[in-house]
Amino acid sequence: VEIYSLHVDCKVTSRFAHTVITSRIVNRANESREATFEVELPKTAFITNFSMSIDGEVYPGIIKEKAAAQNEYDSAVSQGQSAGLVKITDRKLEQFHVSVSIAAASKVTFELTYEELLKRQLGKYELLIKVRPKQLVKHFQIDVHIFEPQGIRFLETDSTFMTNELTEALTKEQNETKAHILFKPTLDQQKKKSELDETLLNGDFVVRYDVKREATAGDIQIVNGYFVHYFAPQEMPVFPKNVIFVIDRSGSMTGRKIEQTRDALLKILQDLRQEDHFSFITFNHKVVEWKSSLLPATKENVASAAALVQTLTARGGTDISGALLAAVGMLDKAEGLPERSISMIVLLTDGQPTSGERNVEVIQENIQKAINGNYALFCLGFGFDVSYKFLEKMALSNGGIARRIYENADAALQLQGFYQEVATPILMQIEMQYPENSIEGLTKNNFKLFFEGSEIIVSGKISNELDLLPVEIKAQSHTSNLTLKEEASVKEKEQVFQNQRYIFGNFIERLWAYLTIQQLLEKAISAQEEDQKALEAQALDLSLQYSFVTPLTSMVVTKPQQQEELANKPTEAG
């Protein structure tokens with residue numbers, strides 16, 4: 001079975017990426033064989049379309065409500081056949097896998113489409129394309145078109161498998177607002193050794209870029225009555241942070257995990273700014289405060305904390321509740337902290353609560369009461385023995401985020417990377433205001449914190465009669481309270497995307513739907529049960545309307561002989 005053509009075609013328009021992967025396979029054997037299509041795509045993406053054509057006959061994937069699709073599937077298939085088509089493969093990717101039997105000399109074309117909104121992290125957007133054909137491919141091509149009306153500030157490609165020969169197959173063209181990246185290696189360039197049929201193409205192909213930012217109140221783009229507003233202020237004073245690290249040293253952290261935690265904490269300590277205050281709480285079944293209060297991040301204090309970190313060892317149970325309440329108590333009674341500063345708690349744990357309060361619902365409730373909206377809680381779950389759902393709900397209920405740390409060689413880097421993302425808060429209490437009666441379906445427009453290098457995105461639908469879209473941003477910076485104003489001419493903004501060759505029609509409307517679904521699902525995590533149902537119902541409607549495979553929908557893939565399989569969206573919380 002030979003893959004004779006594999007095309008990855010990706011169009012990024014104003015951070016919204018639309019990727020189509022087409023694989024053409026021929027069975028050169030003289031009997032029927034299994035043809036497999038395996039694609040790894042970013043976890044943040046939603047699949048929107050899939051089809052197979054076998055000898056001219058097309059078998060489309062159909063997106064349905066998850067429960068309905070599951071019932072249909074269960075009745076059509078005896079139990080125990082075919083596992084789901086999509087599974088999480090690593091911290092950034094999930095894998096879509098389908099195989100079908102094709103007759104001798106037959107051809108099959110697989111086509112998968114997925115979409116995602118690229119998220120700005122540490123000052124850049126990253127488009128990740130996983131390349132793993134597992135064989136030499138006669139016609140192999142990756143095509144990336146980027147159009148950013150704000151202008152492209154820098155653009156780089158990176159890959160884990162490049163050789164000098166393969167670099168020759170890579171071309172980049174770029175002007176002010178557009179870029180085209182083409183990677184088209186010949187059969188010879190793909191080979192590991194000229195006499196062998198092994199392929200070099202195995203790994204990540206990454207495009208990173210950022211855009212130019214002129215306007216202070218961000219940038220507004222409009223297509224077909226939908227707008228998106230990007231806001232990423234730069235060069236602002238950084239808020240001092242008051243941060244308490246709450247570190248699990250229970251028995252399960254023994255060995256590599258505690259070593260990687262030590263490595264990461266030593267680096268993080270070096271990154272603290274002089275005006276920051278910090279402290280450490282370590283816990284197993286006992287909760288130990290390093291000092292009774294937060295200390296300024298002077299050279300001496302940092303050195304003394306580093307000495308403590310060096311001695312961290314792991315044994316005993318896990319009292320998550322006691323440790324978090326101790327951290328909140330320390331912040332509550334802290335004195336002499338800078339007036340305009342941001343307080344946060346960073347929890348790192350690898351397990352379930354086994355000591356002290358063990359009921360996760362009670363812990364969540366107690367912590368939320370104690371924090372009372374005053375501090376942000378960030379939860380890092382190390383490995384797969386944690387209850388990620390519990391950590392995620394706790395973080396989202398308290399103005400923070402949760403992240404799973406994968407137990408790989410780079411775990412210390414993952415921890416540091418997370419810290420870098422939240423290390424430089426430059427705005428708080430951000431309110432993005434638009435004319436109330438002329439905007440429908442506005443996405444989240446109030447944000448507690450803004451970290452340097454990230455981006456705030458708000459989208460909505462403009463009512464027909466609006467000629468000018470006025471926006472007002474209110475926020476607090478370290479030195480002052482800001483009000484930024486801007487107005488966008490709807491007609492002028494609509495012009496920008498006219499006659500652009502590679503705009504896929506209503507991309508801002510799809511971006512709006514993608515963002516709305518992501519936010520509804522996130523809100524549902526920390527909502528009460530009745531609200532949760534309403535939020536999920538809304539997200540389901542949009543998922544069906546815009547045909548996205550989200551955690552609430554399934555794609556039913558029908559094969560020849562009426563066989564059916566399901567593609568579901570896996571989530572980090574399982």
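Of note:
- From the options Leu466, Leu442, residue that is outside any strand (DSSP E or B), modelled with pLDDT of 95 or more and open to solvent by 30 Å² or more (accessible area, probe 1.4 Å): Leu442
- Set Leu128, Leu136, Leu155: member being hydrophobic (A, V, I, L, M, F, W, C), in the same structural domain as Asp9 (by the TED database), in a loop (DSSP other than H, G, I, E, B) and open to solvent by less than 40 Å² (accessible area, probe 1.4 Å): Leu136
- Residue ranges of strands (runs of 3 or more DSSP E) in region 1-81 with at least 1 members free of Cβ contacts under 8 Å to residues at least 60 places away in the same chain and open to solvent by less than 50 Å² (accessible area, probe 1.4 Å): 46-54
- Evaluation of Gln495 against (1) over 30 Å from Ala537 (Cα atoms); (2) within 28 Å of the chain's Cα centre (by Cα); (3) at pLDDT below 90 (one fails), failing number: (2)
- Any hit, region 258-276, residues being over 28 Å from the mean Cα position of the chain (by Cα), open to solvent by 20 Å² or more (accessible area, probe 1.4 Å) and at positive phi: no
- Residue selected from region 292-302 under the condition under 17 Å from Leu265 (Cα atoms) and touching a helix residue (DSSP H, G or I) at 6+ places or on another chain (Cβ under 9 Å), by the criterion surrounded by the most Cβ atoms within 10 Å (Cβ to Cβ): Leu294
- Residues (farther than 21 Å from Ile63 by Cα and in contact with a Ser or Thr (Cβ under 7 Å, 6 or more places away or on another chain)) located in region 509-542: Ser526
- With respect to the conditions (1) open to solvent by less than 50 Å² (accessible area, probe 1.4 Å); (2) polar (S, T, N, Q); (3) out of contact with any helix residue (DSSP H, G or I) (no Cβ under 9 Å at 6 or more places or on another chain), Ser397 lacks only one, and its number is (3).
- Verdict on Gln234 being outside the structural domain of Val26 (by the TED database), open to solvent by 10 Å² or more (accessible area, probe 1.4 Å) and of a type outside the set (A, V, I, L, M): yes
- Residue check for Gly251: surrounded by fewer than 22 Cβ atoms within 10 Å (Cβ to Cβ) and touching a Lys or Arg at 6+ places or on another chain (Cβ under 8 Å): yes
- In the set (1) of a type in the set (D, E, K, R); (2) in contact (Cβ under 8 Å) with a residue 12 or more places away in the chain; (3) more than 26 Å from Glu34 (Cβ to Cβ), Lys193 fails one condition alone, (2).
- Qualifying residue in region 390-404 (condition: in contact (Cβ under 8 Å) with a residue 24 or more places away in the chain, among the acidic types (Asp, Glu) and assigned to a loop (DSSP other than H, G, I, E, B)): no
- Scope region 347-365; condition within 23 Å of Ser279 (Cα to Cα), within 29 Å of the chain's Cα centre (by Cα) and either assigned to a loop (DSSP other than H, G, I, E, B) or of a type in the set (S, T, N, Q) (or both); matching residues: Thr349, Asp350, Gly351, Pro353, Gln364
- The one condition in (1) surrounded by fewer than 22 Cβ atoms within 10 Å (Cβ to Cβ); (2) at negative phi that Leu347 fails to fulfil: (1)
- Which listed residue, of Glu111, Glu115, is buried (at least 16 other Cβ atoms within 10 Å of the Cβ), part of a strand (DSSP E or B), within 20 Å of the chain's Cα centre (by Cα) and assigned by the TED database to the domain that holds Leu6: Glu115
- Any hit, region 308-317, residues being more than 17 Å from Met253 (Cβ to Cβ) and either touching a helix residue (DSSP H, G or I) at 6+ places or on another chain (Cβ under 8 Å) or buried (at least 21 other Cβ atoms within 10 Å of the Cβ) (or both): no
The values are calculated or read from the model by the stated rules, or taken from the named source; none is laboratory data. These figures come from a predicted structure and were not determined experimentally. Positions of Cβ are backbone-derived with ideal geometry, glycine not excepted, and every protein chain shown enters the neighbour counts. Surface areas here come from the heavy atoms of the whole protein model, side chains and all, with no ligands, DNA or RNA. Shrake-Rupley method; radii C 1.70, N 1.55, O 1.52, S 1.80 Å.
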